[in-house]
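Here is the structure we will look at, set down as structure tokens.
The values are calculated or read from the model by the stated rules, or taken from the named source; none is laboratory data. As the structure is a prediction and not an experimental result, all values here were calculated from the model. Here the Cβ is made from the backbone with ideal geometry for all residues, glycine too, and neighbour counts use every protein chain on show.
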Amino acid sequence: MAATLKDVAEQAGVSIATVSRVLNDPEKVAEQSRRKVLDAIDTLGYSSNLLAKSLRQDGLNAVYVLLPSLSDPFFAQMHQGISDVLSAYNYFMLSVTTEGDSVLEQECLLKAKTMGASGVLLYTPNDPVPEAWSAFGSSFPILLLSGNSVEGKARMTSLFMDRTGVGKQAVDILFERGKRNILYLCSRPDSLDGECWSGIQQAAEAHGLTCQLYQAGRSPGDAARELEKFWEKADVLPDSILTQSTAQAAGVLSFLRERGIQVPEQTAVMSFENTELACLLTPQVSVIGPAGYQVGMIGAKRLLEWIHTPEEKISCWQEGVDLTYIPRRSTDVRV
């Protein structure tokens, strides 16, 4: 007999109302109580979500989509790419923003399990992914849009991006343009793309360049403020700046403009994030990386293929994502 809401409440030692709030408004429940309820749901295999019931009854399907943000242009475009593919194949898309919080990501995966999702698309800065996530493989396939390592994890795969290679390529390009002192802005330590940074360091060492890492928020205002702090205390000022996001690049350009620093003659700017915003800035920003829409479409298509392939016919695969360099005025004087 299927577990009921009352069974979950008794198992967790809380009220039925608390269980209901965890399922519908988890942010309104204290973490300790929320954890008890989620553990009880997992233990009992409870799945009463009305949407999940209707999906099963109507023969429809749903994909759970976990992205760090929807206000960021890169992830907004990724979300649109996923939506376009899923809607074309008559799939529901259930989206949650996680801010890259691994605890919230795991809670969302548990919720996807209880509602009976067909599969999960997930972009996370956490690499390697937590070992505990392997337990969800028995319930649905998980495709990581962020290119994380998933070796040895059942029913979990990842889009392949040579992030070490792209870091090296960015430095090679700047070296060819006569740049010798590189600054890489990351939004926060736990979101640092370690593979990309490793590639930057390797290429800088090979060319005899200096490279520095500095923390700055993803918004233009945060990036400009943090860059000003760096400028005031740095022993060696950069002649080229690499950013994680195009929003950061906007803040960098604003700061350099206020300082009267010419771009790219004195300081070049390049972003690892490919969004439409890069074309709207003055000067337009060179990018080296995939478009968010491209990542979303490729990931959604491969997940649906995976969902509809018999388990015994599934072989290990990795879909490559194009990381082409797009030169613009922020690095190339004549573009």
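Details
- Put simply, of Q244, Q248, Q212 the only residue that is surrounded by fewer than 24 Cβ atoms within 10 Å (Cβ to Cβ) and of a type outside the set (A, V, I, L, M, F, W, C) is Q212.
- Of all residues in the stretch 209-218, none satisfies being more than 23 Å from S71 (Cα to Cα) and charged (D, E, K, R).
- Residues within the stretch 292-301 that are farther than 19 Å from A62 by Cα and surrounded by fewer than 21 Cβ atoms within 10 Å (Cβ to Cβ), tallied: 2
- Among residues of the stretch 23-56, those that are part of a helix (DSSP H, G or I), modelled with pLDDT under 75, out of contact with any helix residue (DSSP H, G or I) (no Cβ under 8 Å at 6 or more places or on another chain) and under 20 Å from E105 (Cβ atoms), counted: 2
- Set I288, I200: member being in contact with a Gly (Cβ under 7 Å, 6 or more places away or on another chain) and farther than 22 Å from E99 by Cα: I200
- Selection of the stretch 96-128 for residues being among the β-branched types (V, I, T) and under 24 Å from Y293 (Cβ atoms) yields V96, T97, T98, V120, T124.
- So E228, is it surrounded by fewer than 19 Cβ atoms within 10 Å (Cβ to Cβ), assigned by TED's automatic domain parsing to the domain that holds A249 and touching a Phe, Trp or Tyr at 6+ places or on another chain (Cβ under 9 Å): yes
- Those residues of the stretch 93-105 which are at pLDDT 90 or above and not hydroxyl-bearing (S, T, Y), in sequence order: M93, L94, V96, L104, E105
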